[in-house]
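Asker: Right, I'll just put the structure down here and ask away after.
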Amino acid sequence: MSKVDVVLGGFYGDEGKGKIIDYLSQKADFSVRCTGGNNAGHSIEIAGKKFAFHLIPSGILNEGTIAVIGNGVVVDPKVLIEEIKNVEANGYSADNLRISDKAHVILPYHIEMDRLQEELRGDQKIGTTCRGIGPVYCDKYERCGIRMGDFVNKKFEKQLRKNVDTKNKIFERYGHKVLNADEILKEYNEYADFLKKYVVDTIDLLHNAIEQDKRILCEGAQATLLDIDFGSYPFVTSSNPTIGGICTGTGIGARYIGEVYGVIKAYSSKVGEGPYITEQDNEIGDKIRELGHEYGTTTKRPRRCGWLDVVALKYAAMINGITGIAINHVDTVGKLDEIKLCVGYKKDGEVTMKFSTDLDYINECEPVYETFEGNFGDISNLKSRDELPENAKKYLNRVEEIVGVPIKFIGTGAGRDSMIVC
């Protein structure tokens, strides 16, 4: 590892980042979550047990690794405490958790505002998880948010009462039930007391680690095509899950970053509304969903499924400066008789490799596919790329050829050890 390595999602999220993070964090001194909130989730399977993390970096399961929730994360205290207790109930320690004093706090009015806004959108819904993520980021940039450092000290009550008063005026305007500041204070003061011991200046913590040549792994939530700036706007998340969010969400400068791993699946999936050019809203999509168990870690919603789009992947590699690809679920597509790969877009009778987040552009494009033979057989115990069947090699080689980035990890099954490290 370099001083700071990064794991990012290359498509619409749910690519299996947790598995790659888990592997790399075993060699890391610090595992850092940089952006997003509990609208995202990482799943890891260890010794037959599945862990779903929504806020805590998955590196917390590795003894000796400090798990850091960075300043770019928005924290629902109730959810975080549930995760801490779940970690401890399964025989692991949470003493190695650190939370940035600059991370913003999700409060009940953010969740209610999220629900109200989605309801008012009518048939133009974004597909938000209604976890309060968008509204808390709005408050952050409106400069009325409450940060973890204030949450665990005496400033909390004054800030909360002022915000509840403001939000209740909006709720009254739309006939929504108003919130009681006293009730929120009573509940959330208990959360603050529980979390206080974990809250520190993580910028100082991480830069001291860099000076001491410690190894840091930064994990991105969501993925490139959900980025607020570079994704399929407005069907995006409220933060930057791309490489820029790693720097602003941790305070780590770009010059310290080494490897940038872009995680994808050997097919693709998407949760929520918005364009999805390779979606298979048919029997094939249903089959991929069942084979890949494509249901949301956070929402349990069935995911939209389709073929891998290397045009979009090439865009993600460009935006993030990806140095290596991690491709999961190779075993899943290997159960199909036939696999398709989108190698271009057809627009106005011509084939192009140009990706765009402009909705009109995408709606005018058709995917151009190449077809590969499936039926890979059982590859879950393979440890070398050379051991893969020829048809699997052809598929992976073509992905590398078009994107121009080497494949460094190949997921061959659900288990923690079902992976080929190239």
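The values are calculated or read from the model by the stated rules, or taken from the named source; none is laboratory data. Everything quoted here is computed from the prediction, not taken from an experiment. Note that each Cβ is placed from the backbone with ideal geometry, even for glycine, and that neighbours are counted across all protein chains shown.
Asker: Within the range 367-422, which residues are among the β-branched types (V, I, T) and either more than 19 Å from L308 (Cα to Cα) or not assigned by TED's automatic domain parsing to the domain that holds Y315 (or both)?
Answerer: At the first step, the residues of the range 367-422 found to be among the β-branched types (V, I, T) are 368, 371, 379, 399, 402-403, 405, 407, 410, 412, 420-421.
I379, I420, V421, listed by residue number.
Asker: What single numbered condition from (1) within 19 Å of P57 (Cα to Cα); (2) part of a loop (DSSP other than H, G, I, E, B); (3) within 15 Å of the chain's Cα centre (by Cα) fails to hold for G231?
Answerer: (1)
Asker: Go through the range 280-306 and give me each residue that's closer than 17 Å to A223 by Cα and crowded, with 16+ Cβ neighbours inside 10 Å.
Answerer: Just the residues of the range 280-306 that are closer than 17 Å to A223 by Cα, to begin with: 294-299, 303-306.
Of everything in the range 280-306, those that are closer than 17 Å to A223 by Cα and crowded, with 16+ Cβ neighbours inside 10 Å turn out to be E294, G296, T297, T298, T299, R303, R304, C305, G306.
Asker: Quick check on my filter: what residues within the range 6-50 are among the charged types (D, E, K, R), touching a residue at least 24 places away in the same chain (Cβ under 8 Å) and either surrounded by fewer than 24 Cβ atoms within 10 Å (Cβ to Cβ) or within 14 Å of N62 (Cα to Cα) (or both)?
Answerer: Narrowing the range 6-50 to residues among the charged types (D, E, K, R): 14-15, 17, 19, 22, 27, 29, 33, 45, 49-50.
From what is left, the residues that are touching a residue at least 24 places away in the same chain (Cβ under 8 Å) are 14-15, 17, 19, 22, 27, 29, 33, 45, 49.
Of everything in the range 6-50, those that are among the charged types (D, E, K, R), touching a residue at least 24 places away in the same chain (Cβ under 8 Å) and either surrounded by fewer than 24 Cβ atoms within 10 Å (Cβ to Cβ) or within 14 Å of N62 (Cα to Cα) (or both) turn out to be K19, D22, K27, D29, E45, K49.
Asker: While we're here: Scan the helices (runs of 4 or more DSSP H) fully inside the range 125-193 and keep the ones with 2 or more residues being touching a Gly at 6+ places or on another chain (Cβ under 7 Å). Walk me through it before giving the result.
Answerer: Numbers: elements: 133-142, 148-151, 156-173.
Because the criterion is at least 2 residues that are touching a Gly at 6+ places or on another chain (Cβ under 7 Å), the helices (runs of 4 or more DSSP H) in the range 125-193 that meet it are 133-142.
Asker: Next up: Listed residues K214, K270, K186, K265; which is of a type in the set (K, R) and without any contact (Cβ under 8 Å) to a residue 60 or more places away in the chain? Explain how you work it out, then say what you get.
Answerer: Working: K214 fails: without any contact (Cβ under 8 Å) to a residue 60 or more places away in the chain; K270 fails: without any contact (Cβ under 8 Å) to a residue 60 or more places away in the chain; K265 fails: without any contact (Cβ under 8 Å) to a residue 60 or more places away in the chain.
Just a single option satisfies the conditions, and that option is K186.
Asker: Evaluate the following for G306: is it part of a loop (DSSP other than H, G, I, E, B) and touching a residue at least 24 places away in the same chain (Cβ under 8 Å)? Break it down into steps so the answer makes sense when it comes.
Answerer: Details: part of a loop (DSSP other than H, G, I, E, B): no; touching a residue at least 24 places away in the same chain (Cβ under 8 Å): yes.
Considered against the rule, which asks whether it is part of a loop (DSSP other than H, G, I, E, B) and touching a residue at least 24 places away in the same chain (Cβ under 8 Å), G306 comes out as no.
Asker: Select from the range 194-211 the residues that are β-branched (V, I, T) and outside any helix (DSSP H, G or I) and list them in ascending order. Talk me through it step by step, then tell me what you get.
Answerer: Initially, the range 194-211 is screened for residues β-branched (V, I, T), giving 199-200, 202-203, 210.
Selection gives V199, V200.
Asker: So, one more: Residues of the range 273-292 being outside any helix (DSSP H, G or I) and without any contact (Cβ under 8 Å) to a residue 60 or more places away in the chain, which ones?
Answerer: Just the residues of the range 273-292 that are outside any helix (DSSP H, G or I), to begin with: 273-282.
Within the range 273-292, E279, Q280, D281, N282 qualify.
Asker: Identify the residue in the range 146-155 that is closer than 12 Å to V75 by Cα and touching a helix residue (DSSP H, G or I) at 6+ places or on another chain (Cβ under 7 Å) and, among all such residues, is surrounded by the most Cβ atoms within 10 Å (Cβ to Cβ).
Answerer: Within the range 146-155, the match that is surrounded by the most Cβ atoms within 10 Å (Cβ to Cβ) is F151.
Asker: Here's something else I'd like to know. Yes or no: D193 under 16 Å from C34 (Cβ atoms), surrounded by fewer than 14 Cβ atoms within 10 Å (Cβ to Cβ) and out of contact with any Lys or Arg (no Cβ under 7 Å at 6 or more places or on another chain)? Explain how you work it out, then say what you get.
Answerer: On the way: under 16 Å from C34 (Cβ atoms): no; surrounded by fewer than 14 Cβ atoms within 10 Å (Cβ to Cβ): yes; out of contact with any Lys or Arg (no Cβ under 7 Å at 6 or more places or on another chain): yes.
Here the answer is no, as D193 does not meet what is asked.
Asker: So, T166, is that one crowded, with 16+ Cβ neighbours inside 10 Å, of a type in the set (S, T, N, Q) and either outside the structural domain of G41 (by TED's automatic domain parsing) or touching a strand residue (DSSP E or B) at 6+ places or on another chain (Cβ under 8 Å) (or both) or not?
Answerer: Numbers: crowded, with 16+ Cβ neighbours inside 10 Å: no; of a type in the set (S, T, N, Q): yes; either outside the structural domain of G41 (by TED's automatic domain parsing) or touching a strand residue (DSSP E or B) at 6+ places or on another chain (Cβ under 8 Å) (or both): yes.
No: the conditions fail for T166.
Asker: Something else about it: Conditions: (1) surrounded by fewer than 18 Cβ atoms within 10 Å (Cβ to Cβ); (2) at negative phi; (3) in a loop (DSSP other than H, G, I, E, B). I322 meets all but one. Number of the miss?
Answerer: Status for I322: all satisfied but (1).
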